[in-house]
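Novice: Could you have a look at this structure, given as structure tokens, before my questions?
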């Protein structure tokens, strides 16, 4: 990648798209993703993608404390029974004959421990 001229205290990383320089490789990598559109970090709750891990972690706090339904097939989390029921349509050919959506566990986002289900 575009490493530029050496700075006073070490290497500078230079963006080949806009010429901006960075002293730290992590900041440089994050910056390059602005130009490339790469978003390698995915929220497991809402499936949204992010450029940086720290950005995704900050985003996860928006889900904190919410009760979640979890897909028993692929493990994705959903905020409502309606959303998980709609998602389960993707797995309908792989579900056991006795599958009942009402038995889907609810999870607290912090503990991931099953909570008693409540009527929605």
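The values are calculated or read from the model by the stated rules, or taken from the named source; none is laboratory data. Nothing here was measured: the structure is a model prediction, and the numbers come from that model. Neighbour counts run over all protein chains shown; Cβ positions are idealised from the backbone, glycine included.
Novice: Just to be sure, is residue 56 assigned to a helix (DSSP H, G or I) and modelled with pLDDT under 95?
Specialist: Spelling it out, residue 56 is indeed assigned to a helix (DSSP H, G or I) and modelled with pLDDT under 95.
Novice: Right, another one. Could you please give the count of residues in segment 90-107 that are within 21 Å of residue 42 (Cβ to Cβ) and either at pLDDT 80 or above or loosely packed, with under 15 Cβ neighbours inside 10 Å (or both)?
Specialist: The total comes to 2.
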